[in-house]
Amino acid sequence: MKLGDVLDTLMAAAARAVRADAVAVLLLEGERLTAAARRGLPDDWPLEESPPDRETLAGQVVRVEEGHPEVPLPPGFAASLCIPMALPARPLGVLRVYRREGPFSPAEEEYLLALSSLGAVAIQAAQETAELERIEAAKSRFIHVATHELRSPIAVAQSLVRNVVKGYAGPLTAQQKDLFARISARLDFLEHLVNDLLDLAASRAPELAEEECAVAVNASVGRAALLLMPRAEEKGVNLVFRPCCEELAVMATEEGLDRIFVNLIENGIKYTPPGGTVTVTMGREEGEVWVKVSDTGIGIPPEAMPHLFEEFYRAPNARAVNAVGTGLGLTIVRELVERYRGRIEVESEVGKGTTFTVTFPAVGPPTCGLS
Ligand code: ADP
(Lines give C-alpha, C1' and ligand atoms only; values in the text may rest on other atoms or scores of the structure.)
Protein backbone atom coordinates (compact mmCIF):
# COMPACT_ATOMS: atom_id res chain seq x y z
CA MET A 1 0.00 0.00 0.00
CA LYS A 2 1.24 3.52 -0.79
CA LEU A 3 1.95 5.90 2.11
CA GLY A 4 -0.92 8.22 1.11
CA ASP A 5 -3.41 5.32 1.16
CA VAL A 6 -2.14 4.13 4.56
CA LEU A 7 -2.58 7.63 6.00
CA ASP A 8 -6.08 7.96 4.51
CA THR A 9 -7.11 4.59 5.98
CA LEU A 10 -5.65 5.49 9.37
CA MET A 11 -7.39 8.87 9.49
CA ALA A 12 -10.71 7.36 8.40
CA ALA A 13 -10.47 4.65 11.09
CA ALA A 14 -9.60 7.19 13.80
CA ALA A 15 -12.41 9.56 12.80
CA ARG A 16 -14.95 6.75 12.72
CA ALA A 17 -13.88 5.15 15.99
CA VAL A 18 -14.02 8.25 18.21
CA ARG A 19 -16.40 10.37 16.13
CA ALA A 20 -13.67 12.95 15.51
CA ASP A 21 -14.52 15.94 13.30
CA ALA A 22 -11.00 16.29 11.98
CA VAL A 23 -7.82 14.22 11.90
CA ALA A 24 -4.23 14.97 10.95
CA VAL A 25 -0.96 13.09 10.79
CA LEU A 26 2.45 14.71 11.20
CA LEU A 27 5.53 12.62 10.44
CA LEU A 28 9.14 13.13 11.42
CA GLU A 29 11.41 14.13 8.57
CA GLY A 30 14.84 14.10 10.10
CA GLU A 31 14.38 16.09 13.29
CA ARG A 32 11.32 18.06 12.21
CA LEU A 33 7.66 17.12 12.29
CA THR A 34 5.91 17.93 9.04
CA ALA A 35 2.28 17.68 7.99
CA ALA A 36 1.71 14.42 6.07
CA ALA A 37 -2.11 14.26 5.78
CA ARG A 38 -5.23 16.02 7.04
CA ARG A 39 -8.99 15.76 6.78
CA GLY A 40 -11.79 17.92 8.17
CA LEU A 41 -9.56 20.86 9.11
CA PRO A 42 -10.16 24.33 7.63
CA ASP A 43 -8.02 24.65 4.48
CA ASP A 44 -6.25 27.75 5.73
CA TRP A 45 -5.38 26.22 9.11
CA PRO A 46 -1.59 25.75 9.25
CA LEU A 47 -0.59 22.28 10.32
CA GLU A 48 2.82 22.54 11.87
CA GLU A 49 4.86 21.41 14.83
CA SER A 50 3.91 22.98 18.16
CA PRO A 51 5.80 22.82 21.51
CA PRO A 52 3.73 19.96 23.07
CA ASP A 53 4.50 17.73 20.06
CA ARG A 54 7.92 17.04 21.60
CA GLU A 55 6.14 15.51 24.61
CA THR A 56 4.00 13.43 22.25
CA LEU A 57 7.10 12.27 20.39
CA ALA A 58 8.54 11.22 23.77
CA GLY A 59 5.51 8.94 24.19
CA GLN A 60 3.01 11.15 26.08
CA VAL A 61 -0.57 11.72 24.99
CA VAL A 62 -1.19 15.50 25.04
CA ARG A 63 -4.71 16.87 25.53
CA VAL A 64 -5.41 20.28 24.06
CA GLU A 65 -8.55 22.10 25.06
CA GLU A 66 -9.80 25.60 24.32
CA GLY A 67 -7.59 28.23 25.92
CA HIS A 68 -4.41 26.09 25.82
CA PRO A 69 -1.55 28.60 26.30
CA GLU A 70 0.73 27.17 23.58
CA VAL A 71 -1.56 25.45 21.10
CA PRO A 72 -4.51 27.30 19.61
CA LEU A 73 -7.30 25.11 18.21
CA PRO A 74 -8.79 25.71 14.77
CA PRO A 75 -11.85 28.01 14.92
CA GLY A 76 -14.97 26.12 15.96
CA PHE A 77 -13.08 23.21 17.55
CA ALA A 78 -13.23 22.46 21.30
CA ALA A 79 -10.69 19.72 21.91
CA SER A 80 -7.80 17.85 20.40
CA LEU A 81 -5.74 14.80 21.35
CA CYS A 82 -2.16 14.34 20.20
CA ILE A 83 -1.32 10.64 20.13
CA PRO A 84 2.26 9.37 19.73
CA MET A 85 2.97 7.17 16.73
CA ALA A 86 6.09 5.14 17.35
CA LEU A 87 7.91 1.95 16.54
CA PRO A 88 9.66 0.16 19.41
CA ALA A 89 13.00 1.72 18.47
CA ARG A 90 12.01 5.22 17.33
CA PRO A 91 9.24 7.81 17.21
CA LEU A 92 7.54 8.20 13.80
CA GLY A 93 5.15 11.09 14.27
CA VAL A 94 1.94 12.34 15.82
CA LEU A 95 -1.71 11.49 15.19
CA ARG A 96 -3.97 14.43 16.02
CA VAL A 97 -7.74 14.12 16.38
CA TYR A 98 -10.06 17.10 16.81
CA ARG A 99 -13.63 17.46 18.02
CA ARG A 100 -16.00 20.41 17.77
CA GLU A 101 -17.79 19.59 21.00
CA GLY A 102 -16.69 17.91 24.21
CA PRO A 103 -13.36 16.37 25.21
CA PHE A 104 -12.15 12.84 24.39
CA SER A 105 -12.66 10.15 27.04
CA PRO A 106 -9.84 7.99 28.52
CA ALA A 107 -11.33 4.94 26.74
CA GLU A 108 -11.15 6.80 23.42
CA GLU A 109 -7.57 7.75 24.21
CA GLU A 110 -6.72 4.06 24.84
CA TYR A 111 -8.33 3.05 21.57
CA LEU A 112 -6.45 5.71 19.60
CA LEU A 113 -3.13 4.64 21.16
CA ALA A 114 -3.72 1.07 19.95
CA LEU A 115 -4.77 2.31 16.51
CA SER A 116 -1.72 4.56 16.19
CA SER A 117 0.60 1.61 17.02
CA LEU A 118 -0.92 -0.37 14.17
CA GLY A 119 -0.76 2.72 11.96
CA ALA A 120 2.94 3.15 12.78
CA VAL A 121 3.73 -0.37 11.55
CA ALA A 122 1.77 0.21 8.33
CA ILE A 123 3.48 3.59 7.80
CA GLN A 124 6.91 2.04 8.26
CA ALA A 125 6.07 -0.71 5.74
CA ALA A 126 4.84 1.91 3.23
CA GLN A 127 7.94 4.07 3.75
CA GLU A 128 10.22 1.08 3.25
CA THR A 129 8.33 0.04 0.12
CA ALA A 130 8.63 3.59 -1.26
CA GLU A 131 12.38 3.54 -0.52
CA LEU A 132 12.78 0.18 -2.28
CA GLU A 133 10.84 1.53 -5.27
CA ARG A 134 13.08 4.59 -5.32
CA ILE A 135 16.20 2.38 -5.31
CA GLU A 136 14.70 0.11 -7.98
CA ALA A 137 13.91 3.13 -10.18
CA ALA A 138 17.47 4.48 -9.69
CA LYS A 139 18.87 1.06 -10.63
CA SER A 140 16.65 0.95 -13.71
CA ARG A 141 17.79 4.43 -14.73
CA PHE A 142 21.42 3.38 -14.36
CA ILE A 143 20.89 0.21 -16.42
CA HIS A 144 19.04 2.27 -19.02
CA VAL A 145 21.86 4.77 -19.40
CA ALA A 146 24.64 2.16 -19.31
CA THR A 147 23.00 -0.20 -21.82
CA HIS A 148 22.04 2.68 -24.08
CA GLU A 149 25.70 3.66 -24.28
CA LEU A 150 26.67 0.04 -25.05
CA ARG A 151 24.20 -0.30 -27.88
CA SER A 152 25.97 1.64 -30.60
CA PRO A 153 29.50 0.20 -30.17
CA ILE A 154 28.00 -3.31 -30.26
CA ALA A 155 26.02 -2.52 -33.41
CA VAL A 156 29.13 -1.07 -35.09
CA ALA A 157 31.26 -4.09 -34.12
CA GLN A 158 28.53 -6.44 -35.33
CA SER A 159 28.31 -4.78 -38.72
CA LEU A 160 32.12 -4.70 -39.14
CA VAL A 161 32.38 -8.40 -38.32
CA ARG A 162 29.55 -9.23 -40.75
CA ASN A 163 31.40 -7.36 -43.49
CA VAL A 164 34.56 -9.35 -42.80
CA VAL A 165 32.59 -12.64 -42.82
CA LYS A 166 31.05 -11.67 -46.17
CA GLY A 167 34.57 -11.28 -47.55
CA TYR A 168 34.47 -7.49 -48.07
CA ALA A 169 37.91 -7.25 -46.43
CA GLY A 170 39.40 -9.97 -48.59
CA PRO A 171 39.17 -13.75 -48.68
CA LEU A 172 39.21 -15.64 -45.36
CA THR A 173 40.57 -19.04 -44.55
CA ALA A 174 38.06 -21.60 -43.21
CA GLN A 175 39.51 -21.18 -39.73
CA GLN A 176 39.21 -17.37 -39.87
CA LYS A 177 35.63 -17.70 -41.10
CA ASP A 178 34.79 -19.99 -38.22
CA LEU A 179 36.35 -17.62 -35.67
CA PHE A 180 34.55 -14.56 -37.07
CA ALA A 181 31.26 -16.46 -37.15
CA ARG A 182 31.73 -17.22 -33.47
CA ILE A 183 32.49 -13.57 -32.70
CA SER A 184 29.36 -12.63 -34.62
CA ALA A 185 27.24 -15.09 -32.57
CA ARG A 186 28.63 -13.60 -29.34
CA LEU A 187 27.84 -10.09 -30.55
CA ASP A 188 24.31 -11.26 -31.42
CA PHE A 189 23.88 -12.41 -27.84
CA LEU A 190 25.30 -9.12 -26.48
CA GLU A 191 22.94 -7.16 -28.71
CA HIS A 192 20.00 -9.20 -27.40
CA LEU A 193 21.10 -8.75 -23.82
CA VAL A 194 21.52 -4.99 -24.17
CA ASN A 195 18.11 -4.66 -25.84
CA ASP A 196 16.43 -6.82 -23.19
CA LEU A 197 18.10 -4.90 -20.35
CA LEU A 198 16.95 -1.64 -21.92
CA ASP A 199 13.39 -2.99 -22.17
CA LEU A 200 13.49 -4.25 -18.60
CA ALA A 201 14.76 -0.90 -17.33
CA ALA A 202 12.03 0.86 -19.29
CA SER A 203 9.33 -1.43 -17.92
CA ARG A 204 10.52 -0.77 -14.33
CA ALA A 205 11.03 3.00 -14.43
CA PRO A 206 7.57 4.55 -14.74
CA GLU A 207 9.07 7.93 -15.66
CA LEU A 208 10.57 6.34 -18.80
CA ALA A 209 7.14 5.15 -19.95
CA GLU A 210 4.90 7.19 -22.20
CA GLU A 211 1.33 8.00 -21.24
CA GLU A 212 -1.20 5.20 -21.79
CA CYS A 213 -3.95 5.41 -24.38
CA ALA A 214 -6.50 3.01 -25.91
CA VAL A 215 -4.18 1.02 -28.22
CA ALA A 216 -5.59 -0.95 -31.15
CA VAL A 217 -4.71 -4.61 -30.50
CA ASN A 218 -5.19 -5.89 -34.08
CA ALA A 219 -2.70 -3.33 -35.34
CA SER A 220 -0.22 -3.98 -32.55
CA VAL A 221 -0.20 -7.77 -33.11
CA GLY A 222 -0.08 -7.12 -36.87
CA ARG A 223 3.05 -4.98 -36.49
CA ALA A 224 4.73 -7.68 -34.37
CA ALA A 225 3.84 -10.42 -36.89
CA LEU A 226 5.06 -8.32 -39.82
CA LEU A 227 8.34 -7.58 -38.07
CA LEU A 228 8.97 -11.26 -37.35
CA MET A 229 7.69 -12.74 -40.62
CA PRO A 230 11.17 -12.68 -42.28
CA ARG A 231 12.66 -14.50 -39.30
CA ALA A 232 9.95 -17.16 -39.43
CA GLU A 233 10.45 -17.57 -43.19
CA GLU A 234 14.20 -17.80 -42.81
CA LYS A 235 13.77 -20.60 -40.26
CA GLY A 236 11.02 -22.40 -42.19
CA VAL A 237 8.40 -21.81 -39.50
CA ASN A 238 4.88 -21.05 -40.64
CA LEU A 239 3.64 -17.84 -38.92
CA VAL A 240 -0.16 -17.54 -39.02
CA PHE A 241 -1.87 -14.35 -37.87
CA ARG A 242 -5.66 -14.32 -37.51
CA PRO A 243 -6.79 -10.79 -36.70
CA CYS A 244 -10.07 -10.36 -34.93
CA CYS A 245 -13.26 -9.39 -36.67
CA GLU A 246 -13.81 -6.28 -34.58
CA GLU A 247 -11.58 -3.38 -33.54
CA LEU A 248 -10.20 -4.25 -30.09
CA ALA A 249 -8.40 -1.85 -27.78
CA VAL A 250 -6.68 -1.95 -24.41
CA MET A 251 -5.20 0.77 -22.20
CA ALA A 252 -1.44 0.57 -22.68
CA THR A 253 1.37 2.32 -24.48
CA GLU A 254 1.81 1.41 -28.12
CA GLU A 255 5.47 0.60 -27.60
CA GLY A 256 4.78 -1.54 -24.52
CA LEU A 257 1.97 -3.54 -26.15
CA ASP A 258 4.05 -4.13 -29.29
CA ARG A 259 6.91 -5.32 -27.10
CA ILE A 260 4.68 -7.93 -25.42
CA PHE A 261 3.59 -9.46 -28.73
CA VAL A 262 7.04 -9.25 -30.33
CA ASN A 263 8.53 -11.14 -27.38
CA LEU A 264 5.87 -13.87 -27.38
CA ILE A 265 5.90 -14.41 -31.15
CA GLU A 266 9.69 -14.27 -31.25
CA ASN A 267 9.82 -17.01 -28.59
CA GLY A 268 7.30 -19.07 -30.55
CA ILE A 269 9.51 -18.91 -33.65
CA LYS A 270 12.70 -19.45 -31.67
CA TYR A 271 11.47 -22.57 -29.88
CA THR A 272 9.69 -24.17 -32.85
CA PRO A 273 11.71 -26.39 -35.20
CA PRO A 274 11.56 -25.82 -38.99
CA GLY A 275 8.28 -27.06 -40.47
CA GLY A 276 6.32 -26.10 -37.32
CA THR A 277 3.69 -23.41 -36.93
CA VAL A 278 3.18 -20.37 -34.73
CA THR A 279 -0.42 -19.17 -34.67
CA VAL A 280 -1.61 -15.86 -33.26
CA THR A 281 -5.33 -15.44 -32.57
CA MET A 282 -7.32 -12.89 -30.62
CA GLY A 283 -10.80 -12.11 -29.48
CA ARG A 284 -13.05 -10.43 -26.97
CA GLU A 285 -14.93 -12.12 -24.13
CA GLU A 286 -16.79 -10.75 -21.11
CA GLY A 287 -15.23 -7.31 -21.22
CA GLU A 288 -11.73 -8.64 -21.84
CA VAL A 289 -9.45 -8.79 -24.85
CA TRP A 290 -7.34 -11.94 -25.20
CA VAL A 291 -4.42 -12.74 -27.49
CA LYS A 292 -3.07 -16.28 -27.84
CA VAL A 293 0.33 -17.18 -29.25
CA SER A 294 0.46 -20.95 -29.86
CA ASP A 295 3.33 -22.93 -31.30
CA THR A 296 4.09 -26.52 -32.19
CA GLY A 297 7.58 -26.29 -30.70
CA ILE A 298 9.74 -27.93 -28.06
CA GLY A 299 7.37 -27.18 -25.17
CA ILE A 300 8.22 -26.31 -21.57
CA PRO A 301 9.04 -29.01 -18.99
CA PRO A 302 6.65 -28.97 -15.99
CA GLU A 303 9.53 -28.32 -13.56
CA ALA A 304 10.46 -25.15 -15.50
CA MET A 305 6.95 -23.69 -15.31
CA PRO A 306 7.28 -22.00 -11.88
CA HIS A 307 10.49 -20.21 -12.99
CA LEU A 308 9.54 -18.98 -16.46
CA PHE A 309 9.05 -15.35 -15.46
CA GLU A 310 12.17 -15.10 -13.30
CA GLU A 311 15.00 -12.88 -14.56
CA PHE A 312 17.62 -14.79 -16.60
CA TYR A 313 15.81 -18.14 -16.25
CA ARG A 314 16.04 -20.48 -19.26
CA ALA A 315 14.68 -24.03 -19.28
CA PRO A 316 17.23 -26.79 -19.95
CA ASN A 317 15.53 -27.83 -23.23
CA ALA A 318 15.74 -24.21 -24.47
CA ARG A 319 19.45 -24.09 -23.71
CA ALA A 320 19.90 -27.44 -25.43
CA VAL A 321 18.52 -26.22 -28.79
CA ASN A 322 21.11 -23.42 -28.85
CA ALA A 323 18.60 -20.63 -29.47
CA VAL A 324 20.04 -17.21 -28.60
CA GLY A 325 18.30 -16.00 -25.47
CA THR A 326 18.83 -14.05 -22.28
CA GLY A 327 15.99 -15.28 -20.08
CA LEU A 328 14.69 -11.71 -19.75
CA GLY A 329 11.93 -11.67 -22.38
CA LEU A 330 9.18 -13.20 -20.29
CA THR A 331 10.12 -11.10 -17.24
CA ILE A 332 9.61 -8.01 -19.38
CA VAL A 333 6.37 -9.38 -20.82
CA ARG A 334 4.88 -10.12 -17.42
CA GLU A 335 5.85 -6.74 -15.96
CA LEU A 336 4.25 -4.95 -18.91
CA VAL A 337 1.12 -7.13 -18.84
CA GLU A 338 0.66 -6.41 -15.12
CA ARG A 339 1.30 -2.71 -15.64
CA TYR A 340 -1.62 -2.71 -18.11
CA ARG A 341 -3.81 -4.54 -15.54
CA GLY A 342 -3.74 -7.79 -17.52
CA ARG A 343 -2.66 -11.35 -16.83
CA ILE A 344 -0.60 -13.95 -18.64
CA GLU A 345 -1.19 -17.72 -18.69
CA VAL A 346 0.80 -20.54 -20.22
CA GLU A 347 -0.06 -24.10 -21.21
CA SER A 348 2.57 -26.40 -22.59
CA GLU A 349 3.48 -29.99 -23.34
CA VAL A 350 7.05 -31.03 -23.98
CA GLY A 351 7.57 -31.95 -27.62
CA LYS A 352 4.09 -30.78 -28.63
CA GLY A 353 4.01 -27.03 -28.15
CA THR A 354 3.17 -24.05 -26.03
CA THR A 355 0.37 -21.50 -25.80
CA PHE A 356 0.77 -18.15 -24.08
CA THR A 357 -2.47 -16.24 -23.47
CA VAL A 358 -2.47 -12.57 -22.44
CA THR A 359 -5.72 -10.97 -21.33
CA PHE A 360 -6.46 -7.29 -20.69
CA PRO A 361 -9.55 -5.30 -19.71
CA ALA A 362 -11.20 -4.16 -22.96
CA VAL A 363 -11.63 -0.45 -23.64
CA GLY A 364 -12.75 1.30 -26.72
CA PRO A 365 -12.68 2.67 -29.25
CA PRO A 366 -8.93 2.80 -29.95
CA THR A 367 -7.38 6.25 -29.83
CA CYS A 368 -3.86 5.30 -30.84
CA GLY A 369 -1.76 2.60 -32.48
CA LEU A 370 -4.06 2.19 -35.48
CA SER A 371 -1.30 2.23 -38.08
P1 ADP B 1 14.77 -16.37 -23.66
O2 ADP B 1 15.57 -15.18 -24.02
O3 ADP B 1 15.59 -17.49 -23.11
O4 ADP B 1 13.84 -16.81 -24.74
P5 ADP B 1 12.40 -15.66 -22.12
O6 ADP B 1 12.36 -14.92 -20.83
O7 ADP B 1 11.71 -15.10 -23.27
O8 ADP B 1 13.94 -15.88 -22.39
O9 ADP B 1 11.84 -17.09 -21.83
C10 ADP B 1 12.30 -17.81 -20.69
C11 ADP B 1 12.31 -19.29 -20.97
O12 ADP B 1 10.97 -19.76 -21.16
C13 ADP B 1 13.02 -19.67 -22.24
O14 ADP B 1 14.41 -19.75 -22.07
C15 ADP B 1 12.39 -21.03 -22.53
O16 ADP B 1 12.96 -22.01 -21.68
C17 ADP B 1 10.95 -20.81 -22.08
N18 ADP B 1 10.06 -20.45 -23.21
C19 ADP B 1 9.51 -19.24 -23.45
N20 ADP B 1 8.71 -19.29 -24.52
C21 ADP B 1 8.73 -20.55 -24.96
C22 ADP B 1 8.10 -21.26 -26.04
N23 ADP B 1 7.27 -20.62 -26.88
N24 ADP B 1 8.36 -22.57 -26.17
C25 ADP B 1 9.19 -23.21 -25.33
N26 ADP B 1 9.83 -22.62 -24.30
C27 ADP B 1 9.61 -21.32 -24.12
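Okay, here's what the table says:
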quantity: Gyration tensor (alpha-carbon) shape descriptor, segment 205-251, a/c threshold 1.5; calculated: oblate
quantity: Cα convex hull of segment 315-371 - mean projected area over all directions, nm²; calculated: 5.9
quantity: Mean accessible surface per residue for segment 218-371, computed with a 1.4 Å probe while every protein chain stays in place, in Å²; calculated: 46
quantity: Nearest 10 degrees, 0 to 90: helix 329-339 Cα axis against the chain principal axis; calculated: 40
quantity: Extent along principal axes [Cα atoms of segment 29-97; Å; largest to smallest]; calculated: 37, 21, 16
quantity: Per residue accessible area of segment 19-82, 1.4 Å probe, in Å²; calculated: 54
quantity: Helix-only [θ]222 nm of the chain, DSSP H runs n ≥ 4, -39500 (n - 2.57) each, per residue, nearest 500; calculated: -15500 deg cm²/dmol
quantity: Order of exposure, largest accessible area first, which applies to M1, M85, M251 with probe 1.4 Å; calculated: M1, M251, M85
quantity: Separation between Cα centres of segment 13-76 and segment 153-203, rounded to whole Å; calculated: 65
quantity: Shape category assigned to segment 1-124 from the gyration tensor of Cα positions, a/c cut at 1.5; calculated: rounded
quantity: Point-charge dipole on Cβ atoms (K/R +1, D/E -1) for the chain, about Cα centre, debye to 20; calculated: 1520
quantity: Proximal charge balance of C244 [Cβ under 12 Å; K/R count +1, D/E count -1]; calculated: 0
quantity: Nearest-ten-degree value, helix 106-165 long axis tilted from longest Cα axis of the chain; calculated: 20
quantity: Rounded to whole Å, sorted largest first: equivalent-ellipsoid semi-axes of segment 182-303, Cα gyration tensor; calculated: 25, 22, 13
quantity: Three-way shape label, segment 40-196, alpha-carbon gyration tensor, a/c 1.5; calculated: prolate
quantity: Over the chain: Kirkwood hydrodynamic radius from C-alpha pairwise inverse distances, Å; calculated: 25.2
quantity: Net charge of Cβ neighbours under 13 Å - reference L150; Lys, Arg +1; Asp, Glu -1; calculated: -2
quantity: Isolated Cys in the chain, by beta carbon distance under 4.7 Å; calculated: C82, C244, C245
quantity: Options S117, G59, V156, ranked by Cα towards positive dipole end of segment 55-202, top entry (Cβ charges); calculated: V156
quantity: Heavy atoms of I298: accessible area, 1.4 Å probe, square angstrom to 10; calculated: 40
quantity: Listed residues I344, P243, T296: farthest to the positive end of the dipole of segment 212-355 (Cβ charges); calculated: T296
quantity: Angle between the chain longest axis and helix 3-18 axis [Cα atoms, degrees, rounded to 10]; calculated: 30
quantity: Listed residue (G4, F312, L28) projecting farthest to the positive dipole end of the chain, Cβ model; calculated: F312
quantity: Accessible surface ranking that places the most exposed of E49, E303 first, with a 1.4 angstrom probe; calculated: E303, E49
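The values are calculated or read from the model by the stated rules, or taken from the named source; none is laboratory data. Bear in mind that the values here come from a model prediction, so they are computed numbers and not experimental data. All Cβ positions, even for glycine, are placed from backbone atoms using ideal geometry, and neighbour counts span all protein chains on display. The protein model used for the area step is the full one, side chains on, heavy atoms only, and it has no ligands, DNA or RNA in it. Shrake-Rupley method; radii C 1.70, N 1.55, O 1.52, S 1.80 Å.
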